[in-house]
Structures are given as structure tokens and as C-alpha cells.
Amino acid sequence: MDNRENWLPHLIAKSVFQGSSNLRSYLISLEGWRRGLTLTVKDKKMHLYLLSSGQRTHSIDMSRIDQIPAEAIEICKNKGLAKEYLARAGVPVPKGRVFNKTNTSDEIIDFVHAFGYPVVLKPVNSSLARGVVTGIQDEASLRKGLYYIRQELGYNNIMIEKQIFGAEVRIIVLGDKAIGAYKRVPASIIGNEKDTVQKLIDRKNEYRKTNPYLRNYPLKIDSEVLDNIRKAGYDLQSVLKEGEHIVLREINSLRVGGDGVDVTEELPERVVINAIKAAKAIPGLPFAGLDMIVNLKDGADDIGTVLEVNSRPHFGAAVFPLYGKARDVPGAFIDYFFPESIENRENNRNIYFNLKGAMHPLKDY
């Protein structure tokens, strides 16, 4: 279902983000400003800004507020260390092991042979799915993945985990609540018996342009996409049957063409409880994004498996999902950290500021 009626004013967002991809900062600062909070921009890119109510002032780095201690930030940055904290708290995590630069590729391969396929490779310190290689089923793919992460990307410390199958969901946790959740779906197309593969991709990109979060992340036709089209037995000029589905990428990152689908109300209760428990396992972390593998089938009694904890979570796809209901994450954020502004929440719904114009004077700063 199209959720445009739930979005913040679409034309405003569209004009603002022509030259800015910093959606988190804009949404939080806009909500605070509409509540009567004082906004102070601290850098040209608006990564760092202050919000003040008079009673309190907070410094915010995109979506990470100053109440989060340095220890929590460092734990979240180190996937291996975060996994230790989660495991100690009784939170389910994938089985696996961390390897550092002293471990050779042959040592890692020997481990995986004994450990068992399929596995996932990921750098210990990376973000935005950079360097994540999934679906490794054999030694050749493993060697290729190791070369890519270590030689091409330059990461020495690598985590190997048993691959867990299910929906990959980002759950936004604030205090004792899960305030939004969206499923990441790998880039794909669905046939209609009339449009070519090329046309289906073009139409999907046109639709993505209507979404303030995804407009800057089109589905690009590269070697991976072409390979997956060929594996399905087609080329760019082929016409797919009605309802025929082709997955175009292995990873489900929204930045390379994946879709964000709201699943907030589909989450099993035990998954929500586990997500909150995982956030609390990291000392001093009131606001976090939990990446989890979840069984979303009807009647599933799943508790979910936590892949990562993010102290500066991307939540744009929760506010602007490609499909499903929009979730007011920035409103909940301001409610939590500036409770004195709640009474102004409904009074200033139609107020906005032109970030593009506001950033103009800062160019020469």
C-alpha cells in the first residue's frame, strides 16, 4: 500500500533533499524546531546540531544523542564486542568467530570447513552493509569473499557467522519501546507480461524517486544485476510473465536498490521483547537500531536473532517506507529526550523550515 498520505509534506522534503542526504538530522531537528526548541547547526553538512528547550540542551550527531556514553558507541562499532555483550545478556546471536590480521586465509577456510556452510563474512568495523558477503556455500566463494574484504576494501579483522534465514528487519528501540520496524527486501522486479526487464527497472526507479529517503538510491544496472538476470534465463529486453519474480541482488541494502517495507505491527511479541532486551544489553543506550533476522510468517512464535546494534541508527525507511505505514520516529525521539515539549506536539504540525536555504550561508562558514 502506498503510504504517501502519512509522509511529512512531500514537496518540502523533495526540495530539501535535492542536495542533502542527511535525512536523520533534518527530521529530528525539524520536529524539535516545530515544538519550539532552539536549533543550532554546528557544521556545514548538518551532521552535528544542538536542540534546546531552555530546560535542557542536547547535542545530536545525526541520530546519536549526547546522552549515549562513549563506551556504548565503541561497543556498537565493534561487532565482535557487541556480540559478546548480547550473548552475556542471553540475547540470541549467530554462531561464529572473529579473525584478525594475523589469521591467514587458509586458517579461516579450515575453520569454515569444520564450522559448516553457508556462512556470512563481514568486517568487524564497518557500516551500511559495506563488505558484507552473504550466501557463501563453498570454498571458492569463501576465498573470493576474503579477497574482496581484505584486499579490495582493506579490512583486516573479519567476522564469520553461520547464515540464518528469514526476514532481515531493522527495529528502532527507544527506551522501553519498539517505535518502528521495517523489513529490508533485496532489489527485485515482478513481471506483468508486457514490460521488458529494462522497463520494469526504470519504472521501479521512477517510483523510488517519489520517496524522500530512497530518491537518492536508485537500482543501478551493474554486473551483479545483469548476472542475476542471466541466471534467471533472461536479458534486459525480455518480458516476464505476470507475477514472475526476479531477485536482482544478493544483499538487501536499501542503498543499492532494496525496498523498505513497514512490519511494525507484524512483529511477534517475543521479537519486540528481545529487541528491547538487546538494546539494554549495551550500557547506556536509550536509542538504537537493532538489525535482526525474524520469522514473520503467520503464527510464528519467534524471538529473533540479533545481527547488529547501531547507536546512530538510520530510521529514514521507518518514516518513509516504500510500502506500508509511516512511523513517527522523530516525534517519539523528541518526546523522549524533551518531554517538556510534548504539549506543543500538535500545535505546530504545519510549520517547516527550508533547510536548503538555511544551509546557504554556511557554505562560506
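Taking segment 245-258 as the range and being surrounded by fewer than 18 Cβ atoms within 10 Å (Cβ to Cβ) and not in a loop (DSSP other than H, G, I, E, B) as the test, the residues that pass are H245, V247, R255. Filtered by the rule that a residue be of a type in the set (F, W, Y) and at pLDDT 95 or above, segment 165-208 gives a lone residue, Y182.
Of these, E152, E161, which one is farther than 26 Å from Y323 by Cα and either open to solvent by less than 10 Å² (accessible area, probe 1.4 Å) or touching a residue at least 12 places away in the same chain (Cβ under 8 Å) (or both)?
Only one candidate passes the filter, namely E161.
Among the residues of segment 170-209, just one is surrounded by fewer than 18 Cβ atoms within 10 Å (Cβ to Cβ) and touching a Ser or Thr at 6+ places or on another chain (Cβ under 7 Å), namely T196. Of all residues in segment 72-123, how many are crowded, with 16+ Cβ neighbours inside 10 Å, in contact (Cβ under 8 Å) with a residue 60 or more places away in the chain and part of a strand (DSSP E or B)? Selection size over segment 72-123: 3. Here Y155, Y182, Y117 are screened, and the one residue that is within 30 Å of D328 (Cβ to Cβ) and among the aromatic types (F, W, Y) is Y182. Applying the condition of being open to solvent by less than 100 Å² (accessible area, probe 1.4 Å) and of a type outside the set (A, V, I, L, M, F, W, C) to segment 231-244 and asking which residue is nearest to K199 (Cα to Cα) yields S238.
The set of residues in segment 269-301 being surrounded by 20 or more Cβ atoms within 10 Å (Cβ to Cβ) and either within 13 Å of the chain's Cα centre (by Cα) or of a type outside the set (G, A, S) (or both) consists of V271, N274, I282, L285, F287, A288, G289, L290, M292, V294. Residues in segment 309-346 that are more than 21 Å from H47 (Cβ to Cβ), charged (D, E, K, R) and outside any helix (DSSP H, G or I): K325, R327, D328, R345, E346.
The values are calculated or read from the model by the stated rules, or taken from the named source; none is laboratory data. Given the structure is predicted, the values throughout are model-derived calculations rather than measurements. We place every Cβ from the backbone using ideal geometry, glycine too, and count neighbours over all the protein chains shown. Remember, those area values only see protein heavy atoms, side chains included, never the ligands or the DNA or RNA. Shrake-Rupley method; radii C 1.70, N 1.55, O 1.52, S 1.80 Å.
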